[in-house]
Amino acid sequence: MTQTPSSLARWLTAAAFTSLLASAPATVQAQTPFPVRPVSLVIGYPPGAIVDTVARQVGAALAPILGQPVVPDNKGGAAGVIGAGAVSKARPDGYTVLFTAYTSLQIASAIERNLAFDPVNDLIPVASVGRPTTLLLVNADFPAKTFDEFIAYVKGRPNQINFGTSGTGSPNHFALEHLNSVFGTRMTAVPYKGAAQMLTDMLGGRVQAIFSSSSLAAGHLQAGAVRALAIGSPDASPLFPELPVIADRGAPEFNASGALGLFAPPGTPAAIVDQWNAAIGKALQDPTVAQKLAGEGIIVKRQTASQFGESYRREARQIADFIKQGNLKIN
């Protein structure tokens with residue numbers, strides 16, 4: 001039967017309405033606000049580490065910004081790789097993010113061949129946070145009183161000095177091997193699951209030297225139980241103006257500090273990534289957070305998600321090239 005123009009118009013209108021109803025759930029879902037429930041902040045290091053301390057401070061400031069609780073979830077181990085691996089497999093809905101010292105992930109990408117995920121390409125860089133001031137520390141009874149004396153003392157005792165690290169492939173392990181390579185020392189890496197135990201064992205004499213965040217060592221420095229010989233992070237610190245920066249003492253690009261940042265699972269929508277980035281920016285501007293981070297020697301660095309992604313991948317390539325060219329043994 002031939003349809004009249006009026007019946008054809010009614011049919012087209014009905015078809016359009018049916019199509020609209022069919023697409024309505026997707027439209028509603030796309031416009032669903034984020035977040036509408038608590039979010040999980042996976043921390044790639046154990047409680048007590050500088051990463052954990054900063055993550056909890058920032059997380060507390062994030063809660064009122066996001067309008068939902070931010071629940072810390074420590075998944076430490078393997079220099080941050082365990083937590084990162086868990087987040088790489090989480091649902092990409094913004095409700096699970098990673099807070100970690102991401103230098104470890106860049107190192108792991110360069111040295112590990114059997115990981116279940118790619119630390120560089122299987123995570124979305126969301127926001128940079130900052131870099132802790134890292135110190136070369138020795139026990140108060142250690143004979144060397146300066147960095148130059150330390151290098152001379154260690155060079156005269158090959159394989160006799162135990163150097164604590166926060167795990168194989170951690171930033172301070174990478175820095176130790178860099179130190180050995182540049183200055184001709186031969187110190188032995190002793191890996192720990194966390195920085196707190198590493199520091200405790202140095203106080204007890206089980207290891208003779210470590211790289212540690214200034215905040216973790218602050219109490220022991222004030223008590224005179226440990227001695228700081230140099231700054232292992234790239235920049236001079238107003239908290240320790242008297243200490244030399246190792247990067248300025250014949251070791252360009254030397255860095256014992258794990259830069260801090262936020263990451264999301266692959267596939268997380270760009271709008272949610274940008275929302276997280278903006279929330280981190282607001283949290284870092286909070287006067288209480290800014291004061292605490294400055295007091296702990298954190299040098300804050302703000303970037304857009306795009307800028308952070310570019311710098312993260314560029315640094316990963318530089319680390320991989322440095323390990324290969326220097327034939328550094330990090331495994």
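Values computed for the structure shown
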read-out: Sites A116 and R157 - FRET efficiency at Förster radius 45 Å, r taken between beta-carbons, to 0.05; value: 0.65
read-out: Structure-based [θ]222 nm, the chain - -39500 (n - 2.57) summed over DSSP H runs of at least 4, per residue, nearest 500; value: -14500 deg cm²/dmol
read-out: Global geometry of the stretch 83-217, whether rounded, prolate or oblate, following the gyration tensor of its Cα atoms and the 1.5 cut on a/c; value: prolate
read-out: Charge dipole (the chain, unit charges on Cβ, about Cα centre) - positive-most of L66, H220, L136; value: L66
read-out: Stretchable slack from F322 to D93, in nm (0.36 nm times residue separation minus alpha-carbon distance); value: 78.9 nm
read-out: P(r) tail fraction, the stretch 142-275 - alpha-carbon pairs more than 26 Å apart, %; value: 25
read-out: Per-peptide average of other Cβ atoms within 10 Å, ordering 79-92, 252-265, 291-304 highest first; value: 252-265, 79-92, 291-304
read-out: Folded to 0 to 90 degrees: helix 50-66 orientation relative to the chain principal axis, Cα; value: 30
read-out: Probe 1.4 Å - accessible area at T168, Å² to nearest ten; value: 70
read-out: Nearest-10 value in Å² for the accessible area of H178, using the 1.4 Å probe; value: 10
read-out: Rg/Rh (Cα only; Kirkwood hydrodynamic radius) as it applies to the stretch 107-150; value: 1.24
read-out: Under-21-angstrom lysine pairs by C-alpha in the chain, whenever the two are 8 or more apart or on separate chains; value: 8
read-out: The stretch 212-331 shape via C-alpha gyration tensor axes, a/c threshold 1.5; value: oblate
read-out: Solvent-accessible surface (1.4 angstrom probe) belonging to Y192, in square angstrom, nearest 10; value: 40
read-out: For the stretch 250-311, radius of gyration divided by Kirkwood radius, i.e. Rg to Rh on alpha-carbons; value: 1.04
read-out: Full-extension gain in nm, R186 to K145, via 0.36 nm per residue minus C-alpha separation; value: 12.8 nm
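The values are calculated or read from the model by the stated rules, or taken from the named source; none is laboratory data. Fair warning: this is a prediction, and the values are worked out from it, not measured in the lab. Because the Cβ atoms are built from the backbone with ideal geometry, glycine has one as well, and the counts that use them run over all protein chains shown. All accessible areas refer to the heavy atoms of the entire protein, side chains included, with ligands and DNA or RNA removed. Shrake-Rupley method; radii C 1.70, N 1.55, O 1.52, S 1.80 Å.
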